[in-house]
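Asker: My questions all concern the structure below.
What follows is calculated from the coordinates using simple rules that are stated; it is not laboratory data. In this text, all values refer to a predicted model and were calculated from it rather than measured experimentally. As a convention, Cβ positions derive from the backbone with ideal geometry for all residues, glycine included, and neighbour counts pool all protein chains shown.
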Amino acid sequence: MKEVYRLRFLARIGVVVMVAVAFWLVVALFIPTFHAPQCPEWDGQLYTIRHQDLRDNNPLYTNLLLTSVKRNDGWLVLGTSETNARPNGNYYDFLNTDTALRCGFSVIAGAGRTACTYFPLIQSNENVRGLKVLFFLNPSYGCGKLAYSNEDYFSRYVSSAIYREANRPVNEDVDRILQANLPKLNCGVRVGEWLACHTDRLRRKYSQDLSFSLDPSKFGETLTWFDSAMISRLPDSCARPDSSRYNYALNVGASFDVHSYTLWPHPESSYRADELRTMIRLCKVRGVDIVFIAGPYNEIAYRKVYPQDLPDIQQVSAEMLKVLDEEGAAYIDCTDLSAEPGVFADWQHHTSYGAYRIYQKIRDYVLEKENR
Amino acid sequence: MFWKRKIVKVLVVVAVFALVLLLLMHRVEGDISCLYTTF
């Protein structure tokens, strides 16, 4: 009898919980959307937003990032792992501290964050029109598994439910690239993703709209503004790495083992060229002012360790430039840094000195563009 | 005794509703990892 009582009690609690969840989710439909306040203290430029908010296509954050960059005549820097923060500064840190450039450079970067991960945002958000973008192209994405579509990276940065919603009307070129990256999900998982996506949206009515409306300062705490805090992370050195901490024979950091992994070039893969071509065309259609940075490859390391692969990595790099030329895209050519000593920390990531050399090229381009 | 039980029941229901509301209002912090997968 005692057991039955307990079971019945637990069942009742379960029912109350389910009713409560259903009740609040229905109430969520009546909670007004929270918008970023329009006042001088919110007129600055956002430095970055969370990948999670991009993945969910959370308009509160994506709209604020895009409009704040445009309003301040800034640039949005997009890139893969080479564009992640570096301890002694990356190229955008140098750009952000250059007083001759009267604009800020906001950043979104991550391993495997190639062009296709931005297609849903570019397709679905009207605020991309007129946005100035610097997009880093790393030739290592023509090597190994990276030379092909990658479900793991794609699903890390793009929710398939969001993608299906964003790709309206369907752009066939974009769709082809995205389909190649979409995980092959069965019907049950797809329904699950769709449910998760929409439940999350309803949840945001509370965690975001209601919570921030009650206390807007909470919203402020979730934002990373472009301000003096960013500038204080300043690169302190633009000199070549010290030879005690750098292996100049192989053009990598002293602690890096060139045999720890390999990046075999795959010039036969046309996937990255297709992706780049689609990005250029999509940006033209959507009015994005995009400038590509054609990144260098570690020519010295290839020459010493895998000389037989040097022609292939050169072909990968040349193919990248060929696509940019054929499509009439604006780009900053940094491929001549490939054979410069001190530029690379490993096979495909630059050092802070490499970042400084890349910064110099971007700086010249931006100054010329501003004075044009 | 009857009212006491009634009051406890109402309090339990109110507490469950409040708990669910609190959980819904909680913002999940942190972000997606940007590290590399194996090549």
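Asker: State the volume of the convex hull built on the alpha-carbon positions of region A:169-222, expressed per residue in Å³ and rounded to an integer. Please report the intermediate quantities before stating the final value.
Answerer: Values: hull volume 7.5 nm³, N = 54.
About 140 Å³ per residue, rounded to a whole number.
Asker: Picking from A:58, A:199, A:121, whose Cα lies most toward the positive end of the charge dipole for chain A (charges on Cβ: Lys, Arg +1; Asp, Glu -1)?
Answerer: A:199
Asker: Return the sequence-ordered ³J(HN,Hα) values of region A:207-220 in whole Hz as given by the Karplus equation 6.51 cos²θ - 1.76 cosθ + 1.60 applied to θ = phi - 60°, using x for Gly and Pro.
Answerer: Once θ is set to phi - 60°, the couplings for region A:207-220 become 5, 10, 4, 5, 4, 6, 5, 5, 8, x, 5, 5, 5, x Hz.
Asker: Using amide H atoms built 1.01 Å from N in the peptide plane, name the residues 5+ places from residue A:297, or on other chains, whose amide H lies under 5 Å from its own.
Answerer: The list, which skips near neighbours in sequence, is A:338.
Asker: Charges at C-beta only: +1 for Lys and Arg, -1 for Asp and Glu. How large is the resulting dipole of region A:17-85 about its Cα centre, in Debye rounded to 20?
Answerer: Dipole about the Cα centre, nearest 20: 140 debye.
Asker: OK, next. Over 28 Å between Cα atoms, which of A:322/A:361; A:218/B:6; A:322/A:369; A:70/A:361; A:145/A:205 qualify? Intermediate results must be reported in sequence, preceding the final value.
Answerer: Values: A:322/A:361 20 Å; A:218/B:6 38 Å; A:322/A:369 23 Å; A:70/A:361 22 Å; A:145/A:205 40 Å.
The answer is A:218/B:6; A:145/A:205.
Asker: Now, a different point. Count charges around residue A:69 for me, please; just the other residues with Cβ under 13 Å from its Cβ, Lys/Arg as +1, Asp/Glu as -1. All intermediate terms of the calculation are to be shown ahead of the outcome.
Answerer: Details: positive: A:70, A:71, A:129, A:132; negative: A:43, A:73, A:289.
Around residue A:69, the charge tally is +1.
Asker: Taking the alpha-carbon distance from residue B:9 and a cut-off under 24 Å, which lysines remain once sequence neighbours fewer than 8 residues away in the same chain are dropped?
Answerer: In chain and number order, the partners are A:2.
Asker: Quick one: putting +1 on the C-beta of Lys and Arg, -1 on the C-beta of Asp and Glu, what dipole do you get for the protein assembly as shown around its Cα centre, in Debye to the nearest 20? List each step's numbers first, then the result.
Answerer: Details: 46 positive and 45 negative charges, 500 e Å.
Here the size comes out at about 2400 debye.
Asker: Let me ask something additional. Name the long-range amide H neighbours of residue A:112: under 5 Å, sequence gap of 5 or more, or other chain; modelled H, no Pro or chain starts.
Answerer: A:81
Asker: Taking only the alpha carbons of region A:241-372, what extent do you get along each of the three principal axes, in Å, biggest first?
Answerer: Projected onto its principal axes, the Cα set of region A:241-372 covers 48, 37, 18 Å.
Asker: Identify, among A:273, A:287, A:256, the residue whose Cα sits farthest towards the positive end of the charge dipole of region A:179-331, taking +1 on the Cβ of Lys and Arg and -1 on the Cβ of Asp and Glu, with the dipole about the Cα centre.
Answerer: A:287
Asker: Calculate the radius of gyration of the Cα atoms of region A:60-162 to one decimal place, then report Dmax, the largest Cα-Cα distance, as a whole number, both in Å.
Answerer: Both quantities, over Cα of region A:60-162: 14.6, 43 Å.
Asker: Here's a follow-up. Going from the alpha-carbon gyration tensor of chain A, what semi-axes, largest first and in whole Å, does one get by taking the root of 5 times each eigenvalue?
Answerer: Values: eigenvalues 334, 131, 93 Å².
Ellipsoid half-lengths, sorted descending, are 41, 26, 22 Å.
Asker: Just the number: Rg to Rh for region A:121-177, Cα atoms, Kirkwood Rh, two decimals.
Answerer: Ratio of gyration radius to Kirkwood radius for region A:121-177: 1.00.
Asker: In addition: Would you please give the residues with an amide H less than 5 Å from that of residue A:133, counting only those at least 5 places away or on a separate chain, with H modeled from the backbone geometry?
Answerer: Close amide H contacts, sequence-distant or interchain: A:76, A:289, A:290, A:291.
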